[in-house]
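The values are calculated or read from the model by the stated rules, or taken from the named source; none is laboratory data. In this text, all values refer to a predicted model and were calculated from it rather than measured experimentally. Note: ideal-geometry Cβ built from the backbone for every residue, glycine included; neighbour counts use all protein chains shown. Protein only, heavy atoms only, side chains kept; ligands, DNA and RNA dropped before computing areas. Shrake-Rupley method; radii C 1.70, N 1.55, O 1.52, S 1.80 Å.
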Amino acid sequence: MSVPMWGPDAKDPLEVCRPLAVEVHRIPDELREGWRPPEPAAYRNLHGMRQPSWDDRA
């Protein structure tokens, strides 16, 4: 949000809300031939970090 919602400078956030336009298009069947949904990401909620293992202690 672009306005503070709490504290002494708080304002009504509806003052800066704007409508969202959405267009939906139908893709012809021949363009979708052979298409498959993407595979799920191999993300394990670790943000690229490795969890320490107590067996790794030196």
Item to check | Protein accessible area in the chain, 1.4 Å probe - carbon and sulfur % | outcome: 56
Next on the checklist: In Å², and per residue, what accessible area does the chain have when probed at 1.4 Å with the other protein chains present?
Outcome noted: 116
Checklist entry - If you wrap a convex hull around the C-alpha atoms of the chain and split its volume per residue, what is the figure in Å³? => result 204
Checklist outcome for this item: Ranking Pro8, Ala42, His25 by how far each Cα lies towards the positive end of the charge dipole of the chain (+1 on Lys and Arg Cβ, -1 on Asp and Glu Cβ), the top one is Ala42
Item to check | Peptides 37-46, 9-18 ordered by average Cβ neighbours within 10 Å, highest first | outcome: 9-18, 37-46
